[in-house]
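Heads up: the structure comes next, in structure tokens.
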Amino acid sequence: MSNTMEAVASAARADAPPAIMLDKVNKWYGAMHVLRDVSLNVALGERLVVCGPSGSGKSTLIRCINRLETHQEGSIKVDGIELSDDLRALDAIRREVGMVFQSFNLFPHLTILENCTLAPIWVRHMPKAEAEALAMQYLERVKIPEQAKKYPGQLSGGQQQRVAIARALCMKPKIMLFDEPTSALDPEMIKEVLEVMVSLAETGMTMVCVTHEMGFARQVADRVVFMDRGEIVEQGPPGEIFENPRTDRLKLFLSQILRGH
Amino acid sequence: MSDAAIPTPARPAPITLVGPIAWVRNNLFSGWISGLISLVLLFLIVKWALGFIEWGVINAVWSVPNNQTQACRDLRGTGACWAVITEKHRFILFGTYPYEEQWRAFLSILIFSGLFIVSAMRSFWRKELALVWIGALTAIGVLMWGGVLGLNYVPQERWGGLVITLILATFGLAFAFPLSILVALGRRSRLPAIKALCVIYVELIRGVPLISLLFMASVMFPLFLPEGMNIDKLLRAQIAIILFAGAYLAEVVRGGLQTLPRGQYEAADALGLSYWKKTGFIVLPQALRLVIPPLVNTFIGFFKDTSLVLIIGIFDLLTAGKTAIIEPAWQGFGIEVYLTVGFIYFCFCFAMSRYSQNLEAELNRHRVR
Ligand SMILES: Nc1ncnc2c1ncn2[C@@H]1O[C@H](COP(=O)(O)OP(=O)(O)O)[C@@H](O)[C@H]1O
Ligand SMILES: [Mg+2]
């Protein structure tokens, strides 16, 4: 099985060096073992979808990648940088990795434009005018330039999530992490967010998405990883994972989400 | 254009719904009982107001010649003796500051007021404001102490009145507020030593009354200092007030910090903002504007608590008022003096209260849809 994994990963972007390397990562919350020997390579430009039942450790996994959570064993390398307690490494990684949360987490006291320009100005030391031009460019890409002067509270959930994507992109990250970006949205808004994510995938961005949107996974994912109880149970191209699940755990999971939809 | 396309023009609402008459009807006379209560209260208010005007204006004595208070005493309480204010207002405002130099204390009060007004205007909220503060406070120090620029030296023991109250309150809150923010942040620190230090500070200071802190500052503190070294009494009281206010404000600020959802910290972290940038741009702006009402509540409380310095012999506004009527000629006119002193306190506190309401509305605009 490990052979097929390798084959799949390399088939995605055979020539590119891995953007993310996880090697036997273990994490505990207190006594609870939430990541168990997780090894995973994500190639540059690869679009990875992570799925699995609730509580299986998907959020923990991607939050370890930008060190919102710390792991206790194993090693994580992002863009060639080993994640450790070294603050400079942390700064470098946070600049290269953008993140989109399930609950948007926009800054409610700042306008949409200010949300987008804050980090470029204060982390990347970009001149204000340049940061604003960049922000407008990305807001246009997520199709809400006309909302730039409003506050997050005045926008719909779908619009807020698109702003959150634009905000992350303004830092010009090499890697984007998505943690269930559409789970908090009403059905009619899910589509507008997925469209933005698809167009982002078409630009060749390295993406790791935790999502249960099978349509999206089929359309853009190079590889789907199925997690259960803190470990990677199965992985492969979306067609293979969804059509020919090999393990009972994945079969059970698929039947459950199909029933849910 | 067809008839159907002409919109029905909006008509003004009937007079029973809007306007002052409607307001009175809806709020004061909406039923028999409420109408009766309104009438009784109205009667009491008018009667009391007329009585006050009679006492305070019509029957009042505004000035008397050379401390001859007989005219006031002849009133037997039927009129106010404002002559005591006419006579003693300089003492109440400036304490025992030398008479010919009192323009300096007066100028200091004006500078304080100007500083408050400028600081209250949001268009002046820039980095330069810090320089304005430093400049203004330096100017006040030079004016009050003198000894330079051809101004005569006035020792601190002779300062008094409203100036002292303004000095204690302004320096007190100007230092206590930043201190409280640091302590509140420190209490949430991941470093156990910093956290413990902040918790001990807050709990120790909150555990004792301000009066005992002031006593300690005036009596015990000098015992710890090397022989011959002496810190100004006012400065010691000032430090005690700063430490006391800092502990209380820190708890208010901490309350604000706790309301912030974890996602805000995570989003700031994920964008690569450093601890201080995250705190300055994301955490504090949101936390502080949520606690404007309790913050200002505490500010107002401390503005008035500065009057406790009277117990260690510092001459603030209230003490000056109290002392003004010790003189036999003026004994018995406490009501007039305390009304005046109370009115001065009220002006400052009411201004703070109104300002905070405006600020709250303005800063929380983003919450309104
Ligand atoms: N901050 C935390 N403290 C303690 N336990 C946590 C914390 N975050 C998540 N967990 C637990 O870790 C497990 C994995 O959580 P998570 O990664 O959020 O799962 P998923 O995203 O797949 O639903 C769950 O059992 C969850 O209850
Ligand atoms: Mg999750």
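No lab work stands behind these numbers, since they all come straight from the coordinates. Note that the coordinates shown come from a computational prediction; the quantities given were computed from them, not determined experimentally. Using ideal geometry, Cβ is built from the backbone for each residue, glycine included, and neighbour counts are taken over all protein chains shown.
Here, chain B has an Rg and a Dmax of 26.8, 99 Å when only alpha carbons are counted. Placing a pseudo-label 7 Å from each Cα along the Cα-to-Cβ vector at residue B:174 and residue B:343 gives an inter-label distance of 2.9 nm. Share of pairwise Cα-Cα distances greater than 18 Å in region B:14-58 is 48 percent (whole percent).
Each of B:352, B:144 was scored by other Cβ atoms within 10 Å of its Cβ. Arranged with the fewest first, they read B:352, B:144.
The calculated FRET efficiency for the pair residue B:206 and residue B:37, based on their C-beta separation and a Förster distance of 30 Å, comes to about 0.10.
Legend note: in chain B, cysteines whose Cβ sits 4.7 Å or more from every other cysteine Cβ are B:198, B:347, B:349. Taking a span of 20 Å or more along the helix axis (Cα atoms) and a mean Kyte-Doolittle hydropathy of at least -0.5 as the rule, the DSSP H helices of chain B that qualify are B:32-53, B:102-120, B:128-145, B:162-187, B:192-206, B:233-259, B:334-363.
Restricting the calculation to Cα atoms, region A:143-196 shows an Rg/Rh of 0.95 when the hydrodynamic-style radius is the Kirkwood one. Distance from the Cα centroid of region B:93-154 to that of region B:234-265 is 27 Å (rounded to whole angstrom). Helix A:187-202 and the longest principal axis of the Cα set of chain A meet at an angle near 80°. Scaling against 2.2 N^0.38 Å puts the C-alpha radius of gyration of region A:48-151 at 1.27.
Computed over region A:111-238, the alpha-carbon pair-distance distribution with 5 angstrom bins reads 2, 10, 20, 20, 19, 13, 8, 6, 2, 0, each value a whole percent. Applying a threshold of 28 Å to the alpha-carbon distances of A:150/B:278; A:191/B:278; A:172/B:278 flags A:191/B:278 as lying beyond it. Over the protein assembly as shown, the ratio between the Cα radius of gyration and 2.2 N^0.38 Å evaluates to 1.35. In chain A, the longest principal axis of the Cα atoms and the axis of helix A:112-122 are about 80 degrees apart. Near the amide H of residue A:99, within less than 5 Å, lie the amide hydrogens of A:177, all on another chain or at least 5 residues away, with H placed in the peptide plane. For the set A:143/A:174; A:58/A:149; A:24/A:128, the pairs lying more than 31 angstrom apart at their alpha carbons are A:58/A:149; A:24/A:128. Between 0 and 90 degrees, rounded to the nearest ten: what's the tilt of helix A:128-141 against the longest Cα principal axis of chain A? That works out to roughly 60 degrees.
The relative contact order of region B:97-152, computed from alpha carbon pairs under 8 Å that lie at least 6 residues apart in sequence, is 39 percent.
Here the sum of -39500 (n - 2.57) over DSSP H runs of 4 or more residues, divided by the residues of chain B, equals -20500 deg cm²/dmol at 222 nm, to the nearest 500.
Rounded, prolate or oblate, given the Cα gyration tensor of region B:212-369, with a/c below 1.5 counting as rounded? Judged from the Cα gyration tensor, region B:212-369 comes out oblate (a/c at least 1.5, b/c at or above a/b).
For the protein assembly as shown, give me the percentage of DSSP beta bridges that are antiparallel, rounded to the nearest 5 percent. Among the beta bridges of the protein assembly as shown, antiparallel pairing accounts for roughly 50 percent.
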